[in-house]
Amino acid sequence: MNIVVCLKQVPDATNVRIDPKTNTLIRDGVESIVNPFDEYALEQALLLKDRLGAKVTVISMGPPQAKVVLREALARGADRAFLVSSRAFGGADTLATAYTLSLAIRKSLDSATPDLVLFGKQAIDGDTAQVGPGVSEFLGLNLVTYVREIELKSGVEVEERKFRAITVMDDGEHVVEGELPAVMTVVKEADEPRFASLVGSMNASRAEITVLDEKAFAADPRQIGLDGSPTKVVRIFPPPVKGGGRRLDWNGGASETLSELLKELKS
Amino acid sequence: MIETDILVIGAGPAGLAAAMKLKRGGFKGRVVVLDKAKSAGNHVFSGAVIDPAGFDGLLTESEIAALPCESRVNKESFRFLLGSGASVKIPWVPPMMQAHGYPVGSLSKVVKYLAQLAEADGVEIYHGFAVTELIRENGRVVGARTGEKGVDSQGVHKPNYLAAEEIRAKLVILAEGARGFNTTRLIESQKLASARPQVYALGIREVIELPEPVPGSGGEIMHTFGYPVDMVTYGGGFVYHPNDRQVMVGFAVGLDYKDAALEPHELFRRFKATKVVQRHIRGGKPVAYGAKLIPEGGFYALPRPYADGALIVGDGAGLVDGLRIKGIHLALESGVAAAEAILLGLDGVGERYDEILKRTRGYAEVKRVRNVHGGFSYCAPIGVMMAGFAWSTFGRIPWWPVGRVHADSDTLRAIVNRKSQTVNFPGSPDRLTDVFLSGTVHEENQPCHLKLGDSAKCEECAKKFDSPCTRFCPAEVYRREADGSLRIDFSNCLHCKTCEVKCPMSNLTWTPPQGADGPRYV
């Protein structure tokens, strides 16, 4: 059984600051991390590996530095890693990214169809939640989003290729049943990601990471990178800074304070 | 079990210098560096104006030129502060304080750069692994054990529990910084300490971003002494301009202070509010914060820097020039000395390291200024006099003040009628706001890593000293609840270890929290 997990390297949002003059991200001193939701997706894959002996392949699309997130995944227990990286992929929007990733996923499995492809529910930088569903379209696979628990049998026999997933929705939890192969996006209510062991980290630091570029999987040049991206970013700007609220002190008693408040609200 | 030839604990300047020098000197074996921070440089904190002498013999000229420091010192001044408004500019910068041409910048960034160079040299560096125990066999250090992860606040294993791992090494280099957890225990158990106790200063620093760049300000530095500490408290401030948009403002206070009501963070705020500092930072916005211990016991408090199977380098070995309060170059030099000793073979490596260390320029400096701190333990003017004498006589002073011999935990005087006062400095972050700026993060659901001994001692301390931990901690980790009990917000911790050093009842112990937790200095 083959599970593919797609991981994205994102800036650590805990200390992202926007330059007020240029409206761009201040990259200075901002660390790169694995997109937190993707860590939960990886954990689901590793739990299935523990239970069923699946082979876990991790794929990331990004600059060469993104190898760091793949090594982290290998350190935690993933089996193989592929970096999808080329200048030709630069500027890709979610459509071009989903197209590119779908080709890379097939390539990583020597054109076989994966049994399960996992994504985080969204990336914390773009917040679109579109790439996972996009990949399911390109690969023609079933899609389940916002998953917190996945139940599978071994996945070898046809009758065992059924899954049961619990998803987290606004109106409560849904139980979804379907058939593999499938694409799923995972939420943070799922099992806590495991830690990389020291032994695992040492092995991962020596592991081979295959780099795939546009030539590796014969991508259509009109569907990748900036040229393959119908989304045009016109302007990036932070939301206007909210002024602090006004505080009414309870000095003169309730009625005075209330009438002052009402006067303020009416004007 | 993992095996390596050399294990370095701590990826700061000292540990990385040792690891790099080994590889650059042709060491064929495996060199593994473990660090408890999440990422390179995250637990490294300093001013910093770096004496570049430490890079000699370690980095090439082009590597030194490529250090991630935007400025070199081009304008320096030294001031005596009389109060919040008045100050006297010392007409010349004392020769021993001169730093012309030294790189100014973030030590965290410099260490990140060193880590990249070291990895390219073949050093293996693993972040997020705290060493919680040295493995010893027949008294010899033979390896280390990493901390468990995924343990909840009650000590129960969570589903993602990760067990401790053992790593064996032919030699362990302890490069944990000031008051390192394993270093302190090794010094105690192997009786490596000098006759005089190691004493420390607490340094606190913010980075302030200016509203508009001030062209030409990069490279300007200022050191001060005097206000806001009184004549019998050892302390000093600094203002560094690493570039034309940012200012690093810091204040260090000797933890041998006697006034239990003293609050180092408040001194820092007073310092920032002085006219002379305001001139540098007006309208600016603090964007980063941190705190660290500086060992300043100097020559007389140096421990023996080796034990069977282990070498101690950098701050952990007390190697700081107590006059200039500079230790980075000494950290680098001691790391290089350790590597040179190892390159000559592992037999008798401890003694050999000690010999090579004593021949370094940095060590000679520590010796030269060995009597300065003793002078400061009387009062600032005697200290300044001693500094001058020490320099001009190359440390050969016919007489010297013995100075204090007390550990920092023994210097507080009992409080009588403490009046609580809140000081307000507009635009100057309070402690908790500063904690936020340090980026410190700890998994909340884990055992508290700050171990409180006997709670009866806390009650006694509350009566006698009014719980000074609630004031000396630069991260407001300790608070008194309404019922008088001590609350420990360990997730605020900056890993500075002031509490362990200054608690007058010696009732607090700092232990490493889950690996990768802690400040995120950049």
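The values are calculated or read from the model by the stated rules, or taken from the named source; none is laboratory data. What you see is a predicted model, and the numbers here were worked out from it, not measured in a lab. Glycine also receives a Cβ, built like all others from the backbone with ideal geometry; neighbour counts cover every protein chain displayed. Note: accessible area is taken over every heavy atom of the protein model, side chains too, but ligands, DNA and RNA are not part of it. Shrake-Rupley method; radii C 1.70, N 1.55, O 1.52, S 1.80 Å.
Here's the yes/no breakdown for (1) touching a residue at least 24 places away in the same chain (Cβ under 8 Å); (2) open to solvent by 10 Å² or more (accessible area, probe 1.4 Å); (3) under 30 Å from B:Val416 (Cα atoms):
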residue	(1), (2), (3)
B:Ala252	yes, yes, yes
B:Asp259	yes, yes, yes
B:Ala273	yes, yes, yes
B:Ile281	yes, yes, no
B:Tyr306	yes, yes, no
B:Asp315	yes, yes, no
B:His329	yes, no, no
- Note on the structure: Within region B:1-31, residues being more than 25 Å from B:Arg324 (Cβ to Cβ) and either out of contact with any Asp or Glu (no Cβ under 9 Å at 6 or more places or on another chain) or surrounded by 23 or more Cβ atoms within 10 Å (Cβ to Cβ) (or both) number 10
- Candidate set: region B:164-193, residues that are open to solvent by 50 Å² or more (accessible area, probe 1.4 Å) and either away from chain A (no Cβ under 14 Å) or not in a strand (DSSP E or B) (or both); chosen: the one farthest from B:Tyr300 (Cα to Cα): B:Lys170
- Query: Restricting attention to region B:41-60, does a residue exist that is within 14 Å of chain A (Cβ to nearest Cβ) and more than 21 Å from the chain's Cα centre (by Cα)?
  - Reply: no
- Of all residues in region B:332-347, count the ones that are open to solvent by less than 10 Å² (accessible area, probe 1.4 Å) and either acidic (Asp, Glu) or under 19 Å from the mean Cα position of the chain (by Cα) (or both). 3
- Are any of the residues in region B:283-295 open to solvent by 40 Å² or more (accessible area, probe 1.4 Å), of a type outside the set (A, V, I, L, M), touching a Ser or Thr at 6+ places or on another chain (Cβ under 8 Å) and not assigned by TED's automatic domain parsing to the domain that holds B:Val141? yes
- Item | Candidates B:Val239, B:Val214 - the one that is in a loop (DSSP other than H, G, I, E, B) and either in contact with a Lys or Arg (Cβ under 7 Å, 6 or more places away or on another chain) or of a type in the set (A, V, I, L, M, F, W, C) (or both) | B:Val214
- Message: Is it the case, given these coordinates, that A:Ala190 is over 20 Å from the mean Cα position of the chain (by Cα) and surrounded by 12 or more Cβ atoms within 10 Å (Cβ to Cβ)?
- Response: no
- Item | Elements of type strands (runs of 3 or more DSSP E) contained in region B:47-141, each with 3 or more residues being modelled with pLDDT under 95 | B:75-81, B:87-89
- All positions within region A:40-57 that are in contact with a strand residue (DSSP E or B) (Cβ under 6 Å, 6 or more places away or on another chain) and either open to solvent by 10 Å² or more (accessible area, probe 1.4 Å) or on the phi > 0 side of the Ramachandran plot (or both): A:Tyr40, A:Lys49, A:Lys55
- Right, A:Lys162: more than 19 Å from A:Asp50 (Cβ to Cβ) and open to solvent by less than 60 Å² (accessible area, probe 1.4 Å) or not? no
- Quickly run through region B:448-468 and pick out the residues that are under 28 Å from B:Val156 (Cα atoms) and either open to solvent by 30 Å² or more (accessible area, probe 1.4 Å) or aliphatic (A, V, I, L, M) (or both). B:Cys448, B:Leu450, B:Lys451, B:Leu452, B:Gly453, B:Asp454, B:Ser455, B:Ala456, B:Cys458
- Message: Step by step: first the residues of region B:316-332, then only those that are assigned to a helix (DSSP H, G or I) and in contact with a Leu (Cβ under 8 Å, 6 or more places away or on another chain), then the one that is nearest to B:Arg359 (Cα to Cα). Which residue is that?
- Response: B:Leu330
- Query: Could you list, in sequence order, the residues of region A:190-202 that are in a loop (DSSP other than H, G, I, E, B), more than 7 Å from chain B (Cβ to nearest Cβ) and over 16 Å from A:Asn35 (Cβ atoms)?
  - Reply: A:Ala196
- Filtering region A:209-237 down to residues that are of a type in the set (D, E, K, R) and within 25 Å of A:Val135 (Cα to Cα), which residue is nearest to the other protein chains (Cβ to nearest Cβ)? A:Asp213
- Query: Give me the pairs: first residue in region A:210-236 and farther than 27 Å from A:Thr57 by Cβ and in a helix (DSSP H, G or I), second residue open to solvent by less than 90 Å² (accessible area, probe 1.4 Å) and not aromatic (Phe, Trp, Tyr), beta-carbon distance under 8 Å, and six or more apart or on different chains, which are they?
  - Reply: A:Arg222/A:Gly228
- Looking only at region A:204-242, which residues are open to solvent by 90 Å² or more (accessible area, probe 1.4 Å) and under 29 Å from A:Arg71 (Cβ atoms)? A:Arg206, A:Glu208, A:Lys215, A:Leu226
- Task: Scan region B:128-162 for residues that are open to solvent by 60 Å² or more (accessible area, probe 1.4 Å) and in contact with a helix residue (DSSP H, G or I) (Cβ under 9 Å, 6 or more places away or on another chain) and jot them down.
- Result: B:Glu133, B:Arg136
- Any idea which residue in region A:243-267 is modelled with the lowest pLDDT, counting only those that are open to solvent by less than 100 Å² (accessible area, probe 1.4 Å) and assigned to a loop (DSSP other than H, G, I, E, B)? A:Gly252
- Identify, by number, the condition in (1) more than 18 Å from the chain's Cα centre (by Cα); (2) open to solvent by less than 10 Å² (accessible area, probe 1.4 Å) that B:Pro264 doesn't meet. (1)
- Within region B:354-362, can one find any residue that is assigned by TED's automatic domain parsing to the domain that holds B:Ala175, assigned to a helix (DSSP H, G or I), modelled with pLDDT under 95 and closer than 20 Å to B:Arg196 by Cβ? yes
